[in-house]
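Read through the structure below, which is laid out as structure tokens, and then see the notes.
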Amino acid sequence: MAFRYCCYLLVCLLCILGVLYSCSAQHAFISAQVGEQSSDLYHGLHPKPGPRPEPLLTNPWREDEFSDDAYMKLQEEIKNHQPHPNASTTNILITGSVGSGKSSFLNSVLSELRREEFNGRVQNIQAVRPGAQTSVTQHLRCHTFYDKIKIFDTAGFELGKTVNASIILKKIIDGEVAEGSKFDDILKTKIKMEGDKIHCVVLVISIHNAENQDLIRFYEEFIGMLTETGVPCQLLVTFVDKLVEKTVDLKNLYKRRDIKQKIENIAKKMRISMSNVLVVSNYFEEMKINQIKGTLLLEAFAQMLMAAKPFQERM
């Protein structure tokens with residue numbers, strides 16, 4: 001009898017312990033849920049701080065002034081540009097791979113240079129098709145400004161066809177291709193055409209495509225060829241606006257350590273001096289030009305005109 005009574009007490013004790021354990025587990029779960037909800041509520045009212053932005057450089061790695069006065073001085077500098085007496089006009093060739101931002105740059109610069117004519121509105125003088133895999137431009141086009149500046153636009157080349165691109169570009173640079181020529185016909189014709197000799201070549205590259213090894217290799221070889229012939233070359237880096245949140249942030253472009261490192265890497269890989277690498281933000285969504293982007297665009301274009309002068313002197 002005593003043994004049965006002890007067994008009964010043991011079973012009761014085990015049941016009581018089971019109930020206590022279950023209650024304890026439920027309490028812990030509820031506490032965790034409440035704590036989690038409280039944490040979510042707290043962070044909803046007080047969001048967790050994101051990663052701290054990298055501090056700006058104390059001294060900009062390139063001087064540039066963003067003011068209405070500086071902007072208008074750049075407009076006047078370009079308007080008053082005079083080619084060297086050895087040349088009647090200053091001829092700039094703009095070229096780049098498909099999707100590099102070449103046509104957008106041309107539209108942006110042309111909108112700036114013709115700001116009074118267009119009432120400060122952005123114009124799509126050159127056809128632009130975002131995401132296109134082949135070039136929209138099919139003929140060698142020339143835009144003349146103030147009777148002293150000519151900008152030549154080429155077809156955007158495809159990376160798988162860079163051999164033909166090199167031959168065509170060399171002919172254009174040497175003045176052997178007439179304005180309006182269709183690019184597909186340049187290699188076919190055996191007749192030497194009369195064209196304008198190029199005084200400065202501008203290679204356009206998107207900052208997002210700067211790691212493409214095929215493009216880097218082609219540009220490096222092409223820059224080497226231009227160096228041997230003495231034709232000045234400028235590398236134009238586009239789409240830097242994708243690295244900032246707002247247009248006004250472009251004022252700190254030359255204080256950004258990460259952008260400086262990107263430009264240094266591009267220059268090193270393509271074996272071109274940092275001073276020959278220009279950085280711009282094209283007009284893409286805007287309907288009107290603005291002083292900040294306009295300053296970068298005009299500064300780059302003024303540098304292209306200046307780069308052409310020594311070559312004109314040696315002609």
Amide H partners (placed H, <5 Å) of VAL204, local residues excluded: THR95, GLY96, SER97, LEU236
Heavy atoms of ILE168: accessible area, 1.4 Å probe, square angstrom to 10: 20 Å²
Accessible surface, 1.4 Å probe, highest first, among residues PHE284, PHE145: PHE284, PHE145
Label point distance in nm, GLN82-LYS188, each placed 7 Å from Cα along Cα→Cβ: 4.6 nm
Diffusion coefficient, µm² s⁻¹, Stokes-Einstein with Kirkwood Rh over alpha-carbon pairs of region 184-238 at 25 °C and 0.890 mPa s: 185 µm²/s
Trypsin sites (Lys or Arg not before Pro) restricted to region 265-300 and DSSP loop, no more than 13 other C-beta within 10 Å: ARG271
Solvent-accessible area of MET225 with every protein chain in place, 1.4 Å probe, in Å² to the nearest 10: 40 Å²
In region 188-264, the trypsin sites (Lys or Arg not before Pro) that fall in loop regions by DSSP, at most 12 other Cβ within 10 Å: LYS188, LYS190, LYS192, LYS246
Residue list for region 80-118, given a label point 7 angstrom along the Cα-to-Cβ vector of CYS142 and an amide N cut-off under 13 Å: 88-93
Computed accessible area, ASP147, all protein chains, 1.4 angstrom probe, square angstrom: 130 Å²
Restricting region 170-235 to GluC sites (Glu not before Pro) in coil, as DSSP defines it, with at most 13 other Cβ within 10 Å: GLU194, GLU211
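The values are calculated or read from the model by the stated rules, or taken from the named source; none is laboratory data. As the structure is a prediction and not an experimental result, all values here were calculated from the model. Glycine also receives a Cβ, built like all others from the backbone with ideal geometry; neighbour counts cover every protein chain displayed. The protein model used for the area step is the full one, side chains on, heavy atoms only, and it has no ligands, DNA or RNA in it. Shrake-Rupley method; radii C 1.70, N 1.55, O 1.52, S 1.80 Å.
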